[in-house]
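A.B. asks: Would you mind keeping the following structure in view while I ask a few things?
Bear in mind these aren't lab numbers, they're just calculated from the coordinates by the rules spelled out. Since the model is a prediction, treat every value here as computed from it, not as a measurement. Every residue, glycine as well, gets a Cβ built from its backbone with ideal geometry; the counts of neighbours run over all protein chains shown.
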Amino acid sequence: MATKVLDSWALLAFFEDEPAAVEVEKLLAKADHGTHKLLLCVVNWGEVYYNTIRKVSLEVAEQKAKDMATMPIEIIPVESDLHLVRQAARYKASGKLAYADAFAAALAKLRNAELITGDPDFKAVEGEIKINWLK
């Protein structure tokens with residue numbers, strides 16, 4: 001079974017009903033049917049949450065948190081995964097990515113998974129990980 005990593009960009013596009021929402025919805029449906037596995041780093045979960053608080057409200061962020069809990073997405077913790085933290089720190093230290101983005105890229109690299117995003121900042125690591133570019 002193929003493994004895919006969602007970046008917060010993809011989930012925010014889905015929640016905000018942007019053009020990429022259609023593709024994210026298809027990915028969620030396929031994951032629900034067992035076609036592939038979807039992963040989300042807890043740091044990127046937090047990015048969705050704090051962006052929603054900043055742009056909308058705490059109440060809407062809490063609703064999105066409840067919605068994400070029902071989605072076929074495995075939330076990957078970082079509490080004791082020093083390999084994940086080390087790889088993310090390397091991406092951040094290179095100056096190529098924001099810290100939260102570095103976790104999505106690191107998770108994709110370590111799990112040999114495809115990263116799902118539309119964030120052009122990830123072009124900096126395109127040669128290191130496979131990326132499914134959403135528009």
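A.B. asks: Give the peptides 77-86, 33-42 in descending order of average Cβ contacts within 10 Å, highest first. Numbers along the way, then the final one.
C.D. replies: Details: 77-86: 12.4, 33-42: 17.0.
Those peptides, ordered most packed to least, come out 33-42, 77-86.
A.B. asks: Treating only the Cα positions of the range 6-133 as identical point scatterers, give the base-10 log of I(q)/I(0) from the Debye formula at each q in 0.13, 0.16, 0.18 Å⁻¹.
C.D. replies: Normalising to I(0) and taking log10 leaves -0.50, -0.77, -0.98.
A.B. asks: Using 0.36 nm times the number of residues separating GLU25 and GLU62, minus their current alpha carbon distance, what extension gain do you get?
C.D. replies: Once the chain is fully extended between GLU25 and GLU62, it gains 11.3 nm.
A.B. asks: Where does each of VAL125, VAL56, VAL5 land when they are ranked from fewest to most other beta-carbon atoms within 10 angstrom? Present the calculation step by step, with values, prior to reporting the outcome.
C.D. replies: Values: VAL125 21, VAL56 14, VAL5 31.
Ranking VAL125, VAL56, VAL5 by Cβ neighbours within 10 Å, fewest first, gives VAL56, VAL125, VAL5.
A.B. asks: Further, regarding this structure: Beta carbons within 10 angstrom, averaged per residue: use that to sort the peptides 21-27, 59-65, highest first.
C.D. replies: On the way: 21-27: 16.3, 59-65: 14.7.
Descending mean neighbour count gives 21-27, 59-65.
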